[in-house]
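The values are calculated or read from the model by the stated rules, or taken from the named source; none is laboratory data. None of the values given here were measured: they were computed from a predicted structure. Positions of Cβ are generated from backbone atoms using ideal geometry, with glycine treated the same way; all protein chains shown enter the neighbour counts. Protein only, heavy atoms only, side chains kept; ligands, DNA and RNA dropped before computing areas. Shrake-Rupley method; radii C 1.70, N 1.55, O 1.52, S 1.80 Å.
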Amino acid sequence: MLDLLREGGGPMLFVVIFGAFTFGASAMFAARGDRRRLGFIVAMAAATGLSVVGGVASDFAAVGHHGLQACAAHGLEPVACVLVGVAESMAPAIVGCTLLSLAAMLVAVGMSRTAREA
């Protein structure tokens, strides 16, 4: 997990912060079932998703700008080096989508709870 955070670079800060808020709000919704929280959860999920897209784009741009130079400096084969860069660029998507899927599961639990209470 720490490798993913390191590989994602600076944009991972936004993915983790927004994802943590989304996950936390979803956990509170699952525990309490207060439907007034759903707007905040949806907005934070959107912020998390957009930070994932921005993070992946930023990481791809970094690979495009610096990937081949780093390969040449370390004497690595360009294709292998670019593939490693692409793999590292997917780190924001891995972390962000994991947080969003867990948050969605918690929202489903909260919705089930509110349906039983109504």
Pairs, first under 10 Å from MET90 (Cα atoms) and at pLDDT below 95 in region 48-63, second assigned to a helix (DSSP H, G or I) and open to solvent by 20 Å² or more (accessible area, probe 1.4 Å), C-beta under 8 Å, six or more apart: ASP59/GLU88; PHE60/VAL86
Test: residue in region 106-117 that is within 20 Å of PHE40 (Cβ to Cβ), at pLDDT 95 or above and among the polar types (S, T, N, Q): no
Test: residue in region 36-44 that is outside any helix (DSSP H, G or I) and either open to solvent by 80 Å² or more (accessible area, probe 1.4 Å) or of a type in the set (D, E, K, R) (or both): no
Subset of region 1-13 (residues that are crowded, with 19+ Cβ neighbours inside 10 Å and either without any contact (Cβ under 8 Å) to a residue 12 or more places away in the chain or not acidic (Asp, Glu) (or both)): GLY8, PRO11, MET12
Region 92-118 residues that are touching a residue at least 12 places away in the same chain (Cβ under 8 Å) and among the basic types (Lys, Arg), paired with ones that are open to solvent by less than 70 Å² (accessible area, probe 1.4 Å) and part of a helix (DSSP H, G or I) (beta carbon under 9 Å, 6 or more apart): ARG113/PHE29; ARG113/ALA30; ARG113/ALA31
Test: residue in region 61-83 that is open to solvent by 60 Å² or more (accessible area, probe 1.4 Å) and under 15 Å from the mean Cα position of the chain (by Cα): no
Flag if PHE18 is open to solvent by 50 Å² or more (accessible area, probe 1.4 Å), in contact with a Ser or Thr (Cβ under 6 Å, 6 or more places away or on another chain) and not charged (D, E, K, R): yes
Candidates SER101, SER58, SER26, filtered to the one that is under 30 Å from ALA115 (Cα atoms), surrounded by fewer than 20 Cβ atoms within 10 Å (Cβ to Cβ) and of a type outside the set (Val, Ile, Thr): SER101
